[in-house]
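Enquirer: Could you have a look at this structure, given as structure tokens, before my questions?
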Amino acid sequence: MTAEPGHQPTGPIDGSGTSRALCVLAPNPSIMTLDGTNTWLISEPGSRTAIVVDPGPADEAHLQRVVAVAAGRDQRITTIVLTHRHEDHSGGARRLAELTGAPVLAADPAQRLGSEGLAAGDVVTDGGCELRVIATPGHTSDSVCLQLPADGAVLTGDTVLGRGTTVIGTDGDLADYLDSVGRLRALAEETSLRALLPGHGPLLPDVIGTLDYYLTHRAERLAEVQAALAAGDRTLGEIVATVYTDVDPMLWPFAEWSVRAQLEYLRDRGELPPDAGA
């Protein structure tokens with residue numbers, strides 16, 4: 001999900017990826033999902049099995065296409081992984097599991113089909129590949145990213161998007177989010193990451209530049225919220241109207257989610273006026 005403009009890379013999305021990750025774009029474009037949800041098919045070249053990351057919405061034609069793309073590569077889908085619980089990523093998981101017999105792995109127990117979950121440090125091995133689980137709460141409490149070491153890539157779900165910046169969801173947390181992006185930034189330096197594979201929008205080859213932009217943007221927005229509070233704004237609507245002048249007003253209801261998260265962040269630090277946030 002996105003509620004803010006920002007870095008604007010372009011390029012083909014459907015069929016894009018790396019040596020071991022192929023994007024199958026879901027046909028659910030919207031102001032919040034950009035071009036649609038990126039479903040990722042993960043496998044070692046020549047493998048007879050594959051992992052699907054984020055089946056996308058409950059769209060039968062899309063799910064049948066994912067199965068067909070795998071079959072066209074002489075592969076069976078044997079594992080399904082979710083980056084987080086939002087329906088535009090997880091809605092098709094149960095149906096894809098019916099079509100393939102694959103279990104669904106997720107950090108949120110309510111999203112799982114099978115006994116396995118996802119926790120920081122877990123490694124998913126299938127399709128001849130290794131996906132390392134990185135807990136990245138913030139956008140949602142159950143968000144994870146998945147490192148694909150063989151390609152120097154990380155699948156980011158909605159933690160990092162291909163265009164713009166993500167909102168902090170109603171079940172998210174700004175402090176967690178900043179920590180998560182900071183840890184991705186450290187990983188990028190430690191392992192020389194070459195690509196971020198987002199849940200929406202095009203692949204991002206400038207890993208450190210993108211993560212630095214995210215951290216800078218969040219700091220700037222927080223400073224703008226503090227300035228709005230100092231000027232007398234108190235309600236979510238007032239703050240959004242002051243701070244988000246560069247955002248389509250259609251997105252202002254979603255921008256309120258991020259403002260609420262920013263106010264909670266300030267409240268936790270004792271920096272929020274007592275009458276703010278109504």
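The values are calculated or read from the model by the stated rules, or taken from the named source; none is laboratory data. What you see is a predicted model; the values in this text were computed from it and never measured. Because the Cβ atoms are built from the backbone with ideal geometry, glycine has one as well, and the counts that use them run over all protein chains shown.
Enquirer: Being under 22 Å from Trp40 (Cβ atoms), in contact with a Ser or Thr (Cβ under 7 Å, 6 or more places away or on another chain) and small (Gly, Ala, Ser) narrows it down to one of Gly162, Gly199, so name that one.
Expert: Numbers: Gly162 fails: in contact with a Ser or Thr (Cβ under 7 Å, 6 or more places away or on another chain).
Checking each option against the conditions leaves just Gly199.
Enquirer: Identify, please: which residue in region 156-178 is modelled with pLDDT of 95 or more, touching an Asp or Glu at 6+ places or on another chain (Cβ under 9 Å) and not in a loop (DSSP other than H, G, I, E, B) and is, among those, nearest to Glu87 (Cα to Cα)?
Expert: Gly157
Enquirer: Mind listing whichever residues of region 41-56 are closer than 18 Å to Gly101 by Cα and of a type outside the set (S, T, N, Q)?
Expert: Within region 41-56, Leu41, Ile42, Arg48, Ala50, Ile51, Val52, Val53, Asp54, Pro55, Gly56 qualify.
Enquirer: Kindly list the number of the only condition in (1) of a type in the set (A, V, I, L, M); (2) within 24 Å of Ala50 (Cα to Cα); (3) surrounded by fewer than 24 Cβ atoms within 10 Å (Cβ to Cβ); (4) touching a residue at least 60 places away in the same chain (Cβ under 8 Å) that fails for Val133.
Expert: The one condition Val133 does not meet is (4).
Enquirer: Further, regarding this structure: Just checking, does region 76-90 include any residue being surrounded by 20 or more Cβ atoms within 10 Å (Cβ to Cβ) and touching a Lys or Arg at 6+ places or on another chain (Cβ under 6 Å)?
Expert: So far as region 76-90 goes, no, none of its residues is surrounded by 20 or more Cβ atoms within 10 Å (Cβ to Cβ) and touching a Lys or Arg at 6+ places or on another chain (Cβ under 6 Å).
Enquirer: Then there's this: Take the residues in region 33-57 that are more than 18 Å from Val133 (Cβ to Cβ) and β-branched (Val, Ile, Thr), then tell me which one is surrounded by the fewest Cβ atoms within 10 Å (Cβ to Cβ).
Expert: Restricting to residues being more than 18 Å from Val133 (Cβ to Cβ) and β-branched (Val, Ile, Thr), the top hit is Thr49.
Enquirer: Is it the case that Gly36 is part of a loop (DSSP other than H, G, I, E, B) and either more than 14 Å from Val81 (Cα to Cα) or modelled with pLDDT under 95 (or both)?
Expert: Details: part of a loop (DSSP other than H, G, I, E, B): yes; either more than 14 Å from Val81 (Cα to Cα) or modelled with pLDDT under 95 (or both): yes.
So Gly36 fits the description; yes.
Enquirer: Let me confirm something: among Ala186, Ala241, Ala255, Ala219, which residue is among the hydrophobic types (A, V, I, L, M, F, W, C), in contact with a Phe, Trp or Tyr (Cβ under 8 Å, 6 or more places away or on another chain) and within 22 Å of Pro137 (Cα to Cα)?
Expert: Sole residue among the options that is among the hydrophobic types (A, V, I, L, M, F, W, C), in contact with a Phe, Trp or Tyr (Cβ under 8 Å, 6 or more places away or on another chain) and within 22 Å of Pro137 (Cα to Cα): Ala255.
Enquirer: Shifting gears a bit: Report, ordered by the first and then the second residue, all pairs with beta carbons closer than 9 Å, sequence separation of six or more or different chains, a first member in region 66-77 that is under 14 Å from Leu99 (Cα atoms) and without any contact (Cβ under 8 Å) to a residue 40 or more places away in the chain, and a second member that is part of a helix (DSSP H, G or I) and of a type in the set (Ser, Thr, Tyr).
Expert: Filtered contacts from region 66-77: Val67/Thr100; Ala70/Thr100; Arg76/Thr100; Ile77/Thr100.
Enquirer: May I pose another question? Could you count how many residues in region 195-232 are in contact (Cβ under 8 Å) with a residue 12 or more places away in the chain, among the charged types (D, E, K, R) and more than 26 Å from Leu82 (Cα to Cα)?
Expert: Total satisfying the criteria: 2.
Enquirer: With a cut-off of at least 2 residues that are at pLDDT 95 or above and within 23 Å of Ile208 (Cα to Cα), name the strands (runs of 3 or more DSSP E) lying wholly within region 39-155.
Expert: In region 39-155, 129-135, 144-148 are the strands (runs of 3 or more DSSP E) which contain 2 or more residues that are at pLDDT 95 or above and within 23 Å of Ile208 (Cα to Cα).
Enquirer: Suppose we keep only residues that are farther than 19 Å from Tyr265 by Cβ and of a type in the set (Asp, Glu) within region 159-194. Which one would you say is surrounded by the most Cβ atoms within 10 Å (Cβ to Cβ)?
Expert: So, considering only residues that are farther than 19 Å from Tyr265 by Cβ and of a type in the set (Asp, Glu), the one surrounded by the most Cβ atoms within 10 Å (Cβ to Cβ) is Glu189.
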